[in-house]
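The values are calculated or read from the model by the stated rules, or taken from the named source; none is laboratory data. The structure presented is a predicted model; accordingly, all values stated were derived computationally and were not measured. No Cβ is skipped: glycine too gets one built from the backbone with ideal geometry, and neighbour counts run over all protein chains shown. Quick note on the areas: whole protein, heavy atoms, side chains included, nothing else; ligands and nucleic acids left out. Shrake-Rupley method; radii C 1.70, N 1.55, O 1.52, S 1.80 Å.
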Amino acid sequence: MSLKRQNDILQAVRANGSFSIAELATRLAVSTETIRRNVQPLIDDGALLRFHGGVMLPEAVDEPPFQRRMQVNHEAKWALAGIVRDQVRDGDSLILDNGTTSAYVADALASHSRLTVVTHSVQIAYRLASRNGNRVFFAGGELSGEDGSGIGPSAIEFVRQFQVRYAFISVGGITLGGELGDFHLFEAEFARAALQQAQETWIIADATKFGREAPVKVCQLSAVDAIVSDGAPPAEFAAKCRAGGVRVLTPQMSRLDRAAAERPQG
């Protein structure tokens with residue numbers, strides 16, 4: 001049983017890049033103590049590396065930080081990207097911020113054509129430029145070596161020159177009281193500028209972001225039109241969304257239900 005569980009742990013971490021102990025316990029329906037006992041031999045053999053609260057693949061240590069974050073919750077991020085892909089039409093215009101979830105959205109849009117994309121992410125620009133007649137505008141500035149994004153006042157001023165159909169924004173945390181935040185000042189500033197230039201603002205956030213506090217305020221819930229997540233939000237937050245007319249879209253909803261939720265009210 002232990003060998004089978006260790007194999008299951010290895011397969012899960014290889015697929016996801018990393019896992020917390022709590023996530024593995026939930027996934028395998030055992031206690032966290034059982035997971036800790038089973039991962040220790042894998043750590044001793046060098047098959048896994050321990051980090052605070054979880055385990056990861058050894059080769060992930062040598063990857064750039066952005067690529068490591070791309071492997072975290074990748075199944076959830078791909079599911080969110082699929083919802084956005086189904087919403088965007090050929091010829092649409094959009095702003096994508098610099099987040100790993102946004103990079104998944106860019107990958108999901110690979111078959112779309114004639115898109116106008118504004119971004120400050122080199123990763124996203126590379127994925128969508130010179131493809132299917134797309135036009136990609138890069139909001140430059142000082143280049144961040146960690147994730148390849150343009151940062152600084154010039155990037156904010158650049159994005160304010162555009163009017164787009166959608167702004168797809170990733171955030172660091174969403175409080176149950178309805179405040180959206182980030183952990184980086186510039187990312188929050190870019191998000192605020194982007195939502196002011198879009199007809200519709202969609203927040204793309206996996207379910208772990210609900211109830212999480214982030215120090216830099218992006219906006220209140222009333223400033224967005226839809227939230228895309230891999231799971232239903234807590235009841236308190238869902239009630240605020242209904243009261244404010246904010247659509248909540250999840251992979252669990254049928255395509256028909258999502259289409260109805262995506263239609264603007266009134």
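What to note about this one:
- In the chain, the convex hull through the Cα atoms has an average projected area of 15.1 nm², a quarter of its surface area.
- Placed amide H near Asp97: partners under 5 Å, 5+ positions off or other chain: Phe168, Ser170
- The alpha-carbon of Lys240 sits under 26 angstrom from the alpha-carbons of these lysines, leaving out residues fewer than 8 places away in its chain: Lys77, Lys209, Lys217.
- Heavy-atom surface analysis with a 1.4 Å probe gives the range 101-257 a carbon and sulfur content of 50 percent of its accessible area.
- Simple point charges give the picture: +1 on the Cβ of Lys and Arg, -1 on the Cβ of Asp and Glu, and for the chain a dipole about the Cα centre of about 640 debye.
- Dividing the helix sum by the residues of the chain, where each DSSP H run of 4 or more adds -39500 (n - 2.57), gives a mean residue ellipticity at 222 nm of -12000 deg cm²/dmol.
- Alpha-carbon centroids, the range 28-43 and the range 114-153: separation in whole Å: 41 Å
- Note on the range 120-179: Kirkwood radius taken over Cα pairs, Stokes-Einstein applied at 37 °C and 0.692 mPa s, translational D equal to 245 µm² s⁻¹.
- Per residue, in Å², the accessible surface of the chain once ligands and nucleic acids are set aside, probe 1.4 Å: 47 Å²
- C-alpha long axis of helix 235-244 to longest principal axis of the chain, angle in °: 10 degrees
- Candidates Leu96, Leu48, Leu128: whichever shows maximal mean-square fluctuation once the chain is modelled as a Gaussian network with Cα springs under 10 Å: Leu48
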